[in-house]
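The values are calculated or read from the model by the stated rules, or taken from the named source; none is laboratory data. Since we're looking at a predicted model, the values are computed, not measured. Neighbour counts are summed over all protein chains in view; Cβ atoms, including those assigned to glycine, are modelled from backbone coordinates with ideal geometry. What goes into the accessible areas is simple: the full protein's heavy atoms, side chains included, and nothing from ligands, DNA or RNA. Shrake-Rupley method; radii C 1.70, N 1.55, O 1.52, S 1.80 Å.
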Amino acid sequence: LISSHFCHLSIEQRENIFKLFVWVLVAVAIICLTQSIFGWKRSGFTIVATELRARGLYTHPLSLAYVIVLILPFALQQIKQKPKAVLTWLLTASTLVIIWTTRSRVIQLVSVATIGFYILYYSSGIKRILWITVSCVALLIVSITKSDVSENFKQTFQGKADRHALDYPDDRVAFWHAHYSLIKERPLLGHGIHLPDSIIEQAYQDIGLSDFSKKYSAHNMYLQTTVDGGVIGLILFLGWFLGTILVFRSHCPEPWAIAMTCSLVAFGLAIFTQNAIQDNEVRYCMTLLLSYGLLRTRGDSLS
C-alpha cells in the first residue's frame, strides 16, 4: 500500500503494486473462509485442526481482526475514489469477509460504525436514504438468519456464551475489575510493564475470583496502560494517540486524511476491549500504517 503511492515508479507500476496488494488480500479472505468452514490453523510448518474461526496465517483470530480493521477505511475510500473498478470491490469484499470470519464481536460492531460514518459523510439526499436502507436491511438479514455471527451476538446478550464469570455480565468486566484494583494500589506511576503472575493472581483473589480460570490481562488498552504506567502513562499514551490523529487529519491531503483518521479512531474504539497494541503482529502493522500516514503528510513523493 505504501509503495503503490510513494516509490518513484511509473503510474503503471504503482497500479501493478496495488493489484498485488488486493490479490494478496483476496487470498487471505479465501484462507479465512476455509478456516471458518473446516476449522484449521497453521502451527509452525504444519496444519492442525482448531475452532471454526478465521485467523489467516496469524497465531490468533484477534490479531487478524485488529489488523484488518486498520485496512477497512482504505477499502471504503476506494469505493468513493473508484466506484466502478473491479479491484475496488474485490478489496472491499475481501476485507468484509475477513472481518466476518474472525467472529470478533467488537471488530464487527466497529466496522458497522465505520461503514455508517462513510455513508453519512459522503452521501446525501436520495443516495443517503438508499444506502441507509440497504445497510439496515443487510443488518436485519444478518440478525434473523442463523449464522455464526448472529449466534455469537445472541449468546452474548442472553448470557449463554462461555465468557460470563460468576455475576459479571462478561469475562472482560471481571478483567477490568481486577485491574482497576491494581490501579488503586499505584495510581500515579503504575506497576511497570510485564507484571509478575503473582501480582495478577492476587488482584483476582482480592475481588473474590481466586477460582476464576481466566486470570488474564486487562483486555482494555487504556486500562492496561494505566496499570503499567499510572495516570501519567495514560496521559502520555492519549497525548501520543490523539496527537497522531490530529496531525493526520490536519496535514494529510484529502481524501486520505479521512481514511487515516477513521482507521485510527476505529482502532481506538476497538482497543477498549483488547490489549491490541501489546500484540506484536498488530503493533507491526500499525507501525506500517503510521509510517504511511507520516509519508502522506510529506506530499505525494519521497525526496
Among residues of the range 186-240 being hydrophobic (A, V, I, L, M, F, W, C) and in contact with a Phe, Trp or Tyr (Cβ under 7 Å, 6 or more places away or on another chain), the residue farthest from D171 (Cα to Cα) is L234
Condition met for L242 (within 30 Å of W176 (Cβ to Cβ) and over 13 Å from the mean Cα position of the chain (by Cα))
yes
In this structure, does T88 turn out to be in contact with an Asp or Glu (Cβ under 8 Å, 6 or more places away or on another chain) and surrounded by fewer than 22 Cβ atoms within 10 Å (Cβ to Cβ)?
no
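Okay, residues lined up against (1) loosely packed, with under 13 Cβ neighbours inside 10 Å; (2) in contact with a Leu (Cβ under 7 Å, 6 or more places away or on another chain); (3) closer than 30 Å to F74 by Cβ; (4) touching a residue at least 60 places away in the same chain (Cβ under 8 Å):
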position	(1), (2), (3), (4)
P196	yes, no, no, no
Q224	no, no, yes, no
G230	no, yes, no, no
G239	yes, no, yes, no
W256	no, no, yes, yes
Which ones in the range 241-253 are open to solvent by 30 Å² or more (accessible area, probe 1.4 Å) and either touching a Phe, Trp or Tyr at 6+ places or on another chain (Cβ under 6 Å) or hydrophobic (A, V, I, L, M, F, W, C) (or both)?
L242, L246, V247
Please enumerate the residues belonging to the range 43-58 that are over 21 Å from Y284 (Cβ atoms) and crowded, with 20+ Cβ neighbours inside 10 Å.
R53
State all residues of the range 84-135 that are β-branched (V, I, T), in contact with a Ser or Thr (Cβ under 8 Å, 6 or more places away or on another chain), more than 19 Å from A29 (Cβ to Cβ) and without any contact (Cβ under 8 Å) to a residue 60 or more places away in the chain; if no residue qualifies, say none.
I119
Of the residues that sit in the range 112-148 and are open to solvent by 70 Å² or more (accessible area, probe 1.4 Å) and not in a helix (DSSP H, G or I), which one is modelled with the lowest pLDDT?
K146
Given the conditions (1) without any contact (Cβ under 8 Å) to a residue 24 or more places away in the chain; (2) open to solvent by 70 Å² or more (accessible area, probe 1.4 Å), and given that Q81 satisfies all but one, which numbered condition is not satisfied?
(1)
